[in-house]
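The next block holds one structure in the form of structure tokens; read it before the comments.
The values are calculated or read from the model by the stated rules, or taken from the named source; none is laboratory data. Being a predicted model, the structure only gives us computed values, none of them experimental. Because the Cβ atoms are built from the backbone with ideal geometry, glycine has one as well, and the counts that use them run over all protein chains shown. The protein model used for the area step is the full one, side chains on, heavy atoms only, and it has no ligands, DNA or RNA in it. Shrake-Rupley method; radii C 1.70, N 1.55, O 1.52, S 1.80 Å.
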Amino acid sequence: MIKGGRANFGSRMGVILASAGSAVGLGNIWRFPYETGNYGGAAFILIYLGCIFLLGLPIMVAEFVIGRRSQTNTAGAYQRLAPGTHWRWLGRMGVLAGFLILSFYSVVAGWTLEYVMEALGNGFAGKTPDEFIQSFQSFSSNPWKPTIWLVAFLLFAHFIIVKGVEKGIEKSSKILMPLLFVLILVLVGCSVSLPGAKSGIEFLLKPDWSKVDSNVFLGAMGQAFFSLSLGMGCLCTYASYFNKNTNLTRTAFSVGIIDTLIAILAGFIIFPAAFSVGIQPDAGPSLIFITLPNVFQQAFSGAPWLAYIFSVMFYVLLALAALTSTISLHEVATAYLHEEFKLSRKRAAWLVTGSCMFLGVLCSLSLGIGKGLTLFGLNLFDLFDYVTAKIMLPLGGMFISIFVGWYLDKKIVWEEITNNGTLKVGVYRAIVFILKYIAPVAIGVIFINELNLI
Ligand code: PHE
């Protein structure tokens, strides 16, 4: 639907699906479990939930306000709403964060393609947990295979973006998202009924507060921003395609609930299974790739064809979830280059794809032959992850809340949140209060503590 020269999402469902498609991805199924494992389980999850509801959702509404009001890409948005000020740097930082995320994200998305192939070729059958660990390690450190998959994935995403078949994705998401959800539920059932799964469930439900330090807070906050696609103008860019009837608060709430539910359920697949086969919960980025194949093998040991179908379906859906998030990341940079530098959309998209391919290949190699090359003790892959999720996104979120809470005229904020007074939004005052005081202070305190500034 084109209105006023700019594309619009067709329906309310389309709006929620596109935003949820951006939010739900590898962040939920790959990153959430491994961060939970790194930071010791239940206590991390509780702090994460606090970050989602107290910081994430109000900041999501703030991004929606900026995007829909300005009707342009994230960097242009600040120029329109705050002309001649330095706020445009906030938008630019978001674009840069998008580039960096896309680079390491597509490495992992490439891994999912390898696992789709493996699953299709029935490659998991008969392997032991140790063999799964070994085959992941030799695959991810191989200089060629992951690189080829990452390039293939980016080209695929690129093709969809320039052909403008996102609409097709939007439509198929209506089927695929619920399918992913049902599959996840089935897998939770399988995982919790494995022998020895109980300690995994305890790990998720019994908080051990003694392990909580400022690191855990930063980790949980970073994960919340990453998972909700927040702090870099992604949802702001999407909101520029919303129409004037979209209920911003309700959309934020729906997206937040869907995203959180999927992450928690992913935890309930991974940990019971990991504990059951003796895989360490802090295995890091490899966690889902070494744990899940075991779930398929063990839970369906009596019916190998079911194991086959489920594993193929799971990895295909995971790759598609990664694809919808990738498209949203790509869109931020593409819309920026297209609208700000007057490049054609096609050229802008090529520029983004090309540079991410280059950086992505470096990230991928940094897990194998480039292992020795580190900065602050982190290889490039981990460095990009750390800098974006734990610094740039929360920092972006902090300034977005200051922008909407303090800088932007309250009349604009009110008009956007209530759709010019046509909606009754009970939480309006609470949202503004959080954006003004709670979010900037909470994010600031977590940063200060982490950096040991006081
Ligand atoms: N939220 C996405 C996921 O969970 C990742 C993402 C981060 C997408 C930031 C866009 C912006 O996979």
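Figure legend. Inter-residue proximity from region 384-407: first residues more than 12 Å from the ligand (Cβ to nearest atom), second residues assigned to a helix (DSSP H, G or I) and of a type in the set (Asp, Glu), beta-carbon distance below 8 Å, spacing 6+ or different chains. Indicated pairs: ILE400/GLU63. When GLY84, GLY67, GLY56, GLY41 are checked against the criterion of being on the phi > 0 side of the Ramachandran plot and within 20 Å of the chain's Cα centre (by Cα), GLY41 stands alone in meeting it. Select from region 393-435 the residues that are β-branched (Val, Ile, Thr), at pLDDT 95 or above and within 28 Å of the chain's Cα centre (by Cα) and list them in ascending order. Matches in region 393-435: ILE400, ILE402, VAL404, VAL413, ILE417, THR418, VAL427, ILE431, VAL432, ILE434.
Quickly run through region 250-272 and pick out the residues that are more than 19 Å from LEU57 (Cα to Cα) and surrounded by fewer than 21 Cβ atoms within 10 Å (Cβ to Cβ). Walk me through it before giving the result.
Restricting attention to region 250-272, the residues satisfying the condition of being more than 19 Å from LEU57 (Cα to Cα) are 265-272.
Across region 250-272, the qualifying residue is only LEU265.
Of all residues in region 280-299, exactly one satisfies the criterion of being crowded, with 21+ Cβ neighbours inside 10 Å and assigned to a loop (DSSP other than H, G, I, E, B), namely PRO281. When PHE9, PHE64 are checked against the criterion of being farther than 19 Å from ILE391 by Cα, open to solvent by less than 40 Å² (accessible area, probe 1.4 Å), touching a helix residue (DSSP H, G or I) at 6+ places or on another chain (Cβ under 7 Å) and not in a helix (DSSP H, G or I), PHE9 stands alone in meeting it.
In region 23-40, what residues are among the polar types (S, T, N, Q) and more than 13 Å from the ligand (Cβ to nearest atom)?
Filtering region 23-40 down to residues among the polar types (S, T, N, Q) leaves 28, 36, 38.
The answer is THR36, ASN38.
If you go through region 314-332 and keep only what is more than 10 Å from the ligand (Cβ to nearest atom) and within 16 Å of TYR238 (Cβ to Cβ), you end up with just LEU323. Being touching a Pro at 6+ places or on another chain (Cβ under 6 Å) and either of a type outside the set (A, V, I, L, M, F, W, C) or within 13 Å of ASN247 (Cβ to Cβ) (or both) is the filter here; which residues of region 391-430 pass it? Answer for region 391-430, where residues must be touching a Pro at 6+ places or on another chain (Cβ under 6 Å) and either of a type outside the set (A, V, I, L, M, F, W, C) or within 13 Å of ASN247 (Cβ to Cβ) (or both): just SER401.
Which members of region 300-329 meet the condition of being farther than 23 Å from GLU35 by Cβ and buried (at least 22 other Cβ atoms within 10 Å of the Cβ)? Answer for region 300-329, where residues must be farther than 23 Å from GLU35 by Cβ and buried (at least 22 other Cβ atoms within 10 Å of the Cβ): ALA307, SER311.
Would you be able to say whether some residue in region 20-41 is open to solvent by 10 Å² or more (accessible area, probe 1.4 Å), among the aromatic types (Phe, Trp, Tyr) and either free of Cβ contacts under 8 Å to residues at least 24 places away in the same chain or assigned to a helix (DSSP H, G or I) (or both)?
Our first condition is that a residue be open to solvent by 10 Å² or more (accessible area, probe 1.4 Å); within region 20-41, this holds for 34, 38-40.
Filter once more, so that each one left must be among the aromatic types (Phe, Trp, Tyr): 34, 39.
Narrowing further to those that are either free of Cβ contacts under 8 Å to residues at least 24 places away in the same chain or assigned to a helix (DSSP H, G or I) (or both): 34.
Scanning region 20-41 turns up at least one residue that is open to solvent by 10 Å² or more (accessible area, probe 1.4 Å), among the aromatic types (Phe, Trp, Tyr) and either free of Cβ contacts under 8 Å to residues at least 24 places away in the same chain or assigned to a helix (DSSP H, G or I) (or both).
On the basis of being hydrophobic (A, V, I, L, M, F, W, C), within 16 Å of the ligand (Cβ to nearest atom) and not in a loop (DSSP other than H, G, I, E, B), does ALA273 make the cut? No: the conditions fail for ALA273. Can you tell me how many residues within region 203-249 are free of Cβ contacts under 8 Å to residues at least 24 places away in the same chain and either crowded, with 17+ Cβ neighbours inside 10 Å or over 25 Å from ALA439 (Cα atoms) (or both)? Matching residues across region 203-249 total 1.
Listed by first and then second residue, the pairs linking a residue in region 131-156 that is among the basic types (Lys, Arg) to a residue that is assigned to a helix (DSSP H, G or I), with Cβ atoms under 8 Å apart and 6 or more places separating them unless they lie on different chains, are LYS145/GLU114; LYS145/PHE139.
For region 183-202, which positions are within 23 Å of TYR48 (Cβ to Cβ), open to solvent by 40 Å² or more (accessible area, probe 1.4 Å) and of a type in the set (Ser, Thr, Tyr)? Result: SER199, single match.
Residue-by-condition table, conditions (1) within 24 Å of the chain's Cα centre (by Cα); (2) among the β-branched types (Val, Ile, Thr); (3) at pLDDT below 95; (4) within 25 Å of LEU362 (Cβ to Cβ):
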| site | (1), (2), (3), (4) |
| --- | --- |
| GLU114 | yes, no, no, yes |
| ASN122 | no, no, yes, no |
| THR128 | no, yes, yes, no |
| HIS158 | yes, no, yes, yes |
| GLU166 | yes, no, yes, no |
| LYS171 | yes, no, yes, no |
| ILE175 | yes, yes, yes, no |
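Only one entry of PHE226, PHE242 meets the criterion of being among the aromatic types (Phe, Trp, Tyr) and more than 15 Å from the ligand (Cβ to nearest atom), and that entry is PHE242.
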